[in-house]
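To keep things clear, I will list the structure first and then write my remarks on it.
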Amino acid sequence: MDYESLKLIWWVLIGVLLIGFAVTDGFDMGVISLLKVIGKTDDERRIMLNAVGPHWDGNQVWFITAGGAIFAAWPIVYAVAFSGLYWALLLVLFALFFRPVGFEYRSKIETHRWRNIWDWLLTVGGAVPALVFGIAFGNLFLGLPFTLNELMQTQYTGSFWQLLSPFALLCGVVSLTMLTMHGAVFLQLKTEDELVVRARGMALLAAFLTLTGFTIAGVWLAFGIDGYTITSLVDGNAVMTPLDKRVAIGESQWLANYEVYPLTLLAPALSLIALLTTMYFTLKHYAGRAFISSSIAVAGIICTAGFSLFPFIMPSSIDPVFSLTVWDVVSSEKTLGIMFAVAAIFVPIVLSYTAWSYYKMWGVIRAKDIHANQVGMY
Amino acid sequence: MDETVVDLSRLQFAITAFYHFLFVPLTLGLAFILAIMESVYVMTGKQIYKDMVKFWGKLFGINFALGVTTGLTMEFQFGTNWAYYSHYVGDVFGAPLAIEGLMAFFLESTFIGLFFFGWDRLSKLQHLIVTWLVAIGSNLSALWILIANGWMQNPVGAEFNYETMRMEMNSFSELIFNPVAQVKFVHTVSAGYVTGAMFVLAISAYFMLNKRDLPFARRSFAIAASFGLASILSVIVLGDESGYELGDVQRTKLAVIEAEWDTHEAPAAFTLVGIPNEDSMQTDYAIRIPYALGLVATRSVDEEVTGIKDLIVEHEGRIRNGMTAYGLLQALKSGETDTQTINRFEAVKADLGYGLLLKKYTNEVVDASEEQIKQAARDTIPSVAPMFWTFRIMVGLGFLMLFLIGASFYYASKHVAEHQTWLLKSLIFALPAPWIACEMGWFVAEFGRQPWSIGEVLPTAMSVSSRSATDLWMSLSAFIVFYSGLLVVEFYLMIRFAKSGPSCLKTGRYHFEQNATDQAGSHPQHSPA
């Protein structure tokens, strides 16, 4: 396999990891961000926690593995993005800290105060990362203020507050409503009675907001935001650093890929259709189909962002030449090859035992299940 | 380069790793103890062993939650705070981290859910397999992390590429089978097993002292004592001294641990205690055991252990070479890529890292003054006293635990452990010992690596991100506040559940659920949910 194919494969694989994260851990975040919104009683909140209880930890590994994979396959992206978006990433991490301890500790003590505090912290642990991930993605389209020098040392000149531009905030909201929808749809699979009614209502609302936000973001991207494009010839097989190319900024350039490769239009089209079918199946009480639709919508929205940016990963707003692209951020051919082999072996294994664990834990959680096993359940 | 940022970044990494490492060893050890207990349950069918898995599993869960929490930081902190490091070695170092996620962390985290929630959904055998997979997963995690760490100490299988300005992998098998990583893995996981064993021994001892739930405590005690004895012997016998002749960083570390100022004739003596004096470069009031160091470190009587003074001289030579390498790199970067320059660079590039050491003292590496070169060479030796003492505390605690676990094993096999009040009290008192020893060992390994982040390749001072000191002060404080707060909660729950014992399972079979009043010496308390 040549270097160019490996570069493309790794772009796909990191996309797969991010989608895996959003589709699985996405509903965990969605569920716990709704904890105080639709969980009216302690029993209901425990049902919600136990709905994701056996899975959230495994799901979270998609995030951690995506971090490790970016380190291994795109070292300079790992370096520039995480040091530049320092406070955004720390905000995500600190919010995520509340999840392992929140799940594990919350129901261990019976007082109202104790549980109430953890419920709020868990809500933060669900909503804040969902919001910040979207804001970070939004900023990729706007470009981030970083430079690189000859030694490949990076300098980031922006602040956290500058990330909060209107477009990025819109992306944050889309991400939050998308994952809230996904969580609410997941709850339809795992709950009954009043709770499932509220989950359906929330799924409809969140799907509608996602649809609206996603559409506005698309229009905004088409008419209001300049995109980046590589103007020098790129040999995909060459060993490159980000400084070895020329880049121009132009109107509507973020949509250029859809003209060149019309098949990519499937991503936004599927996203919109899947959002509509999520609502339809929710209304019809087909929880399983709603969940499949919602998963497709989540994957489609991430693909849309990825396809629009391609081959860019992280454009620089200071000088477009520093922009990081699929061609020039990668590890050596050898490392990419080895890591591809590792991924080809282990991703299917992971998927199969994850599927087995869902199969084993399948089914609705009821208050009486929790009462019967006070000690063992969250 | 802002030295404050370097220091604060180091401190932040040290503190976050220190916290993480409070939870990891117990996870490593307790996971196997749970697997052993459950195996006994499946083989004998006795309910009490299932209760043991559930009770110790509950404490495992309380600890595991913070392990996951603090572990999240570790996966991302190289990027946030060590950006140049991440770029410079990501091609090599990132691989084991990513593989850890794919191969080990998924395994552990997916099956931990089934471990806790799958009791009624899985067959006995399925659940047992799940428990073993959790244990194997957490240990595989340790393997890949220590392969990554071993490479920081002894960076084999990689080469510098001037075009991309970074280290690139040239042998994956050398990276995996790095002997430093292998000895580190065995030593570290064994230390984790000892931690798990000491934890179960101490809490079981508490139940025995209070004459509560004796059948439960006895069985837990016996399993932990057997498992612990094998583990502590492994930690001590397979200590990682054998990795100390591999690579310059390890050799330096050894000399510093032993405060071996001069190279002595083989076989070297082991300095038992003494007061290392950095200024006069000698160890005052030293008590030495002849031959011991040579035997331990080189596994021979005729190889010498290089002393600190000679290492400094050696390093100075390599720094001068490194200046040449840096000059040639600058030429290559400015476009002089003729074969002759490339060949000259290839010949000296192994010492490029030593040239980079000068970056701390001057931006113009090639024009460094004699004084700066001498200073840089002197600074290739980490402070002696902290290394000397932390190592000795670790070893001392190791032998203390060998004694306690040995005694526990002896009395447990004679079925009289519960009557050895002195032993039970000592075990409770010694509960912090494995954690202190683990943290000391980690300190020796990583502080002893200084001034390098990657031995002989990349200085720590060059590895940091370009964040401001204010950023670092704020994030460091936030980590301390968050982690300490969570640690307090963890301690509170751990003590509460450990004290309540198996009664917290609410099976109706244990002490506090029966008539608490007729049990002498115990005070009734609410068992938690």
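Report the trypsin sites (Lys or Arg not before Pro) located in the stretch A:256-357 that are in a DSSP loop and have at most 14 other Cβ atoms inside 10 Å of their Cβ, or state none. Display every interim value, and only then the final one.
Details: sites: A:284, A:289, A:334; in loops: A:284.
The qualifying sites are A:284.
How many partner chain Cβ atoms sit within 10 Å of a residue's Cβ in peptide A:93-102, on average, as a whole number?
Numbers: counts 11, 7, 0, 4, 11, 3, 4, 11, 10, 2.
For peptide A:93-102, the averaged partner shielding equals 6.
Expressed in nm², what is the orientationally averaged projection area of the convex hull enclosing the Cα positions of chain A? Mind showing how you got there, number by number?
Details: hull surface 73.3 nm².
The directionally averaged projection comes out at 18.3 nm².
Please identify, among A:79, A:207, A:88, the residue showing maximal mean-square fluctuation in a Gaussian network model of chain A using a 10 angstrom Cα cutoff.
Fluctuation is largest for A:79.
Across peptide A:365-377, what mean number of C-beta atoms from other chains lies inside 10 Å of a residue's C-beta?
Working: counts 0, 0, 0, 0, 1, 0, 0, 1, 4, 2, 9, 9, 3.
If you average over the peptide's residues, the count of other-chain Cβ atoms is 2.
Convert 25 °C to kelvin, take the viscosity as 0.890 mPa s, use the Kirkwood radius over C-alpha pairs of the stretch B:1-101 as Rh, and evaluate the Stokes-Einstein diffusion coefficient in µm²/s, rounded to a whole number.
On the way: Rh = 16.2 Å.
The calculation lands on 152 µm²/s.
Residue A:112 to residue A:194: extension gain in nm, 0.36 nm per residue of separation minus the Cα-Cα distance?
Details: separation 82, 0.36 × 82 = 29.52 nm, distance 2.20 nm.
In short, 27.3 nm is gained.
Given chain B reduced to its alpha-carbon atoms as identical point scatterers, what log10 I(q)/I(0) does the Debye formula return at q = 0.08, 0.10 Å⁻¹?
-0.58, -0.86
Between residue A:41 and residue B:43, how many nm apart are label points set 7 Å from Cα along the C-beta direction?
Computed distance between label sites residue A:41 and residue B:43 equals 4.7 nm.
Tell me the label-point distance for the pair residue B:431, residue B:478, using the 7 Å Cα-to-Cβ offset, in nm and rounded to one decimal.
3.3
How high is the FRET efficiency between residue B:350 and residue A:235 when r is their beta carbon distance and R₀ equals 30 Å, given to the nearest 0.05?
Values: r = 31 Å, r/R0 = 1.02.
The calculated FRET efficiency here is 0.45.
Listed here are the pairs A:40/B:506; B:54/B:425; A:36/A:108; B:184/B:349; A:7/B:349; which of them are more than 21 Å apart at the Cα? Intermediate values should be presented prior to the final figure.
Numbers: A:40/B:506 27 Å; B:54/B:425 25 Å; A:36/A:108 19 Å; B:184/B:349 28 Å; A:7/B:349 28 Å.
Flagged as over cut-off: A:40/B:506; B:54/B:425; B:184/B:349; A:7/B:349.
May I ask for the net charge around residue B:499, where only other residues with Cβ less than 14 Å from the Cβ of residue B:499 are counted and Lys, Arg are +1 while Asp, Glu are -1?
Values: positive: A:108, B:58, B:212, B:496; negative: B:213.
Computed value for this residue: +3.
Enter the mean number of other protein chain beta carbons within 10 Å of the beta carbon of each residue in A:144-150, as an integer.
Working: counts 0, 0, 1, 1, 1, 1, 5.
Shielding by partners across A:144-150 averages 1.
The stretch A:182-216: which chymotrypsin sites (Phe, Trp or Tyr not before Pro) are DSSP loop and have at most 10 other beta-carbon atoms within 10 angstrom? Display every interim value, and only then the final one.
Numbers: sites: A:186, A:208, A:214; in loops: none.
Passing both the DSSP loop test and the Cβ count: no residue.
May I ask you to list, by number, the DSSP H helices of chain B whose Cα span along the axis is at least 15 Å and whose average Kyte-Doolittle hydropathy reaches 1.6 or more?
Numbers: long enough: B:3-44 (61 Å, 1.32); B:47-81 (49 Å, 0.25); B:83-99 (22 Å, 0.65); B:106-117 (17 Å, 1.73); B:124-153 (44 Å, 0.99); B:179-209 (44 Å, 1.29); B:214-237 (33 Å, 1.52); B:308-333 (36 Å, -0.09); B:384-413 (43 Å, 1.49); B:433-447 (20 Å, 0.89); B:469-500 (46 Å, 1.18).
Result, helices passing both filters: B:106-117.
7 Å from Cα along Cα→Cβ at both residue A:345 and residue B:11: what's the point-to-point distance in nm?
Reported label-point gap for residue A:345 and residue B:11 is 4.4 nm.
Quick one: among A:155, A:253, A:60, which has the greatest mean-square fluctuation in a GNM of chain A with alpha-carbon springs under 10 angstrom?
Among A:155, A:253, A:60, the largest GNM mean-square fluctuation belongs to A:155.
Which of B:164, A:180, B:8 sits farthest toward the positive end of the charge dipole of the protein assembly as shown, with +1 on the Cβ of Lys and Arg and -1 on the Cβ of Asp and Glu?
A:180
Sort B:367, B:471 so the one with the fewest other Cβ atoms within 10 Å of its own Cβ comes first.
Values: B:367 11, B:471 22.
So the ranking, lowest neighbour count to highest, is B:367, B:471.
Using only the alpha-carbon atoms, how far is helix A:287-309 inclined from the longest principal axis of chain A? Give it as 0 to 90 degrees, nearest 10.
20
Regarding the stretch B:60-99, what is the average projected area of its C-alpha convex hull, in nm²?
Details: hull surface 12.8 nm².
Hull-based average projected area comes out at 3.2 nm².
Given the DSSP H assignment, sum -39500 (n - 2.57) over each helix run of at least 4 residues in chain B and divide by its residue total; what's the result at 222 nm in deg cm²/dmol, nearest 500?
Numbers: 19 runs with 354 residues, N = 529.
Using -39500 (n - 2.57) per qualifying helix, the result is -23000 deg cm²/dmol.
From the Cα trace of the stretch B:310-378, what convex hull volume per residue do you get, rounded to a whole Å³?
Here the figure is 72 Å³ per residue.
Can you sort B:336, B:314, B:456 so the residue with the fewest Cβ neighbours within 10 Å comes first? Before the final figure, lay out each step's value.
Values: B:336 12, B:314 16, B:456 22.
Starting with the residue having the fewest Cβ neighbours, the order is B:336, B:314, B:456.
Take the Cα radius of gyration of the stretch A:123-163 and divide it by 2.2 N^0.38 Å, with N its residue count; two decimals is plenty. Intermediate values should be presented prior to the final figure.
Values: Rg = 13.4 Å, N = 41, 2.2 N^0.38 = 9.0 Å.
Cα Rg divided by the expected 2.2 N^0.38 Å: 1.49.
Once you have the alpha carbon radius of gyration of the protein assembly as shown, what is it after dividing by 2.2 N^0.38 Å, with N set to its residue count? All intermediate terms of the calculation are to be shown ahead of the outcome.
Details: Rg = 28.6 Å, N = 907, 2.2 N^0.38 = 29.3 Å.
Dividing the Cα Rg of the protein assembly as shown by 2.2 N^0.38 Å gives 0.98.
Ignoring everything except DSSP H segments at least 4 long, calculate the 222 nm mean residue ellipticity for chain A; use -39,500 (n - 2.57) per segment, divide by total residues, nearest 500. Could the numbers behind the result be given before it?
Details: 14 runs with 262 residues, N = 378.
Result for chain A: -23500 deg cm²/dmol, rounded to the nearest 500.
Treat the stretch A:180-309 as a sphere of radius equal to its Kirkwood radius over Cα pairs and apply Stokes-Einstein at 25 °C in a medium of 0.890 mPa s; give the translational diffusion coefficient in µm²/s, rounded to a whole number.
Numbers: Rh = 16.5 Å.
Calculated translational D: 148 µm²/s.
Could you put B:144, A:11 in order, starting from the residue whose Cβ has the fewest other Cβ atoms within 10 Å? Before the final figure, lay out each step's value.
Details: B:144 24, A:11 21.
The fewest-first ordering by Cβ neighbours comes to A:11, B:144.
Quick note: the coordinates plus some simple rules give every number you see, no bench work behind them. Bear in mind that the values here come from a model prediction, so they are computed numbers and not experimental data. Every residue, glycine among them, receives a Cβ derived from its backbone with ideal geometry; neighbour counts consider all protein chains shown.
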